[in-house]
Amino acid sequence: MESTPAVRLRPMQVDDLDTVVALETQLFETPWDRLRFRRSLERQQPAWVALSNAPQQDETPVGYLVASSGAGVADLLTIGVSPQCQRSGIAAQLLAQLLTQLQSQQVQELFLEVRASNEAAIGFYRAKGFEQVGVRRNYYRRPATPDEAEGREDGLLFKRELTQS
Ligand SMILES: CC(C)(COP(=O)(O)OP(=O)(O)OC[C@H]1O[C@@H](n2cnc3c(N)ncnc32)[C@H](O)[C@@H]1OP(=O)(O)O)[C@@H](O)C(=O)NCCC(=O)NCCS
């Protein structure tokens with residue numbers, strides 16, 4: 001018997017942006033601002049949110065994803081899951097939804113970039129069939145920490161081929 005997914009997905013709406021921007025700010029060192037999310041929505045780029053299926057939960061997103069696509073190629077621009085909800089398959093569901101949408105648009109390749117230090121995301125992408133295809137040296141700014149001065153870090157470029165049905 002199949003288990004019920006922990007979340008349901010729907011396209012991102014402007015009304016989601018307060019929560020999505022708050023999550024993005026919590027999850028990323030250099031987060032997207034509201035305007036960037038708005039522009040993606042205005043351009044009707046792929047953008048999804050995950051809503052909890054738990055009883056008494058409201059419509060507050062616990063995960064989200066934004067991509068851009070065109071000319072047979074797509075980029076996964078940002079993806080995040082609330083820290084309390086991570087490791088329960090939510091990002092996997094969001095990615096599967098994106099892949100279905102891109103396949104219907106005849107997209108053949110999906111690219112993304114990730115900080116070299118982001119082990120969780122790299123683990124996720126490798127588990128989901130992405131392979132590393134390049135490195136952008138010193139691509140990201142790395143904010144100062146109590147132990148280290150501000151610096152730069154590499155961006156790793158990953159790609160996944162999409163099969164067409
Ligand atoms: C990366 C991220 C989106 C993954 O979301 P998630 O919902 O926890 O991922 P899932 O539960 O769908 O994980 C699916 C599989 O990916 C891999 N994976 C996920 N998180 C991992 C981690 N921290 N370390 C290693 N592998 C991981 C595992 O194989 C996992 O399957 P398993 O739990 O059965 O072992 C989440 O960690 C996050 O929001 N990180 C902060 C934002 C971010 O860095 N986004 C990516 C920017 S490029």
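Only the coordinates and a few stated rules stand behind these numbers; no lab work does. Everything quoted here is computed from the prediction, not taken from an experiment. Don't worry about glycine lacking a Cβ; one is built from the backbone with ideal geometry, like all the others, and counts go over all protein chains shown.
Of note:
- Mean sequence separation of contacting Cα pairs (under 8 Å, at least six apart), scaled by the length of the chain, corresponds to a relative contact order of 18 percent.
- Applying the criteria of a DSSP loop state and at most 11 other Cβ atoms within 10 Å to the GluC sites (Glu not before Pro) of segment 90-165 yields Glu148, Glu150.
- Helical runs (DSSP H, four residues minimum) scored at -39500 (n - 2.57) apiece and divided by the length of the chain put the mean residue ellipticity at 222 nm at -8000 deg cm²/dmol.
- Across segment 116-156, C-alpha contacts under 8 Å between residues 6 or more apart give a mean separation that, scaled by the residue count, equals a relative contact order of 41 percent.
- Order of Ile122, Ile90 - criterion: other Cβ atoms within 10 Å of each residue's Cβ, fewest first: Ile122, Ile90
- When the chymotrypsin sites (Phe, Trp or Tyr not before Pro) in segment 1-98 are filtered for DSSP coil states and for at most 15 other beta-carbon atoms within 10 Å of their beta-carbon, the remaining sites are Phe28.
- Trypsin sites (Lys or Arg not before Pro) within segment 10-89, DSSP loop, no more than 14 other Cβ atoms inside 10 Å: Arg43, Arg87
- Relative intensity of the chain on a log10 scale, I(q)/I(0) at q = 0.13, 0.16, 0.20 Å⁻¹, equals -0.66, -1.00, -1.48, per a Debye sum over C-alpha point scatterers of equal strength in the absence of solvent.
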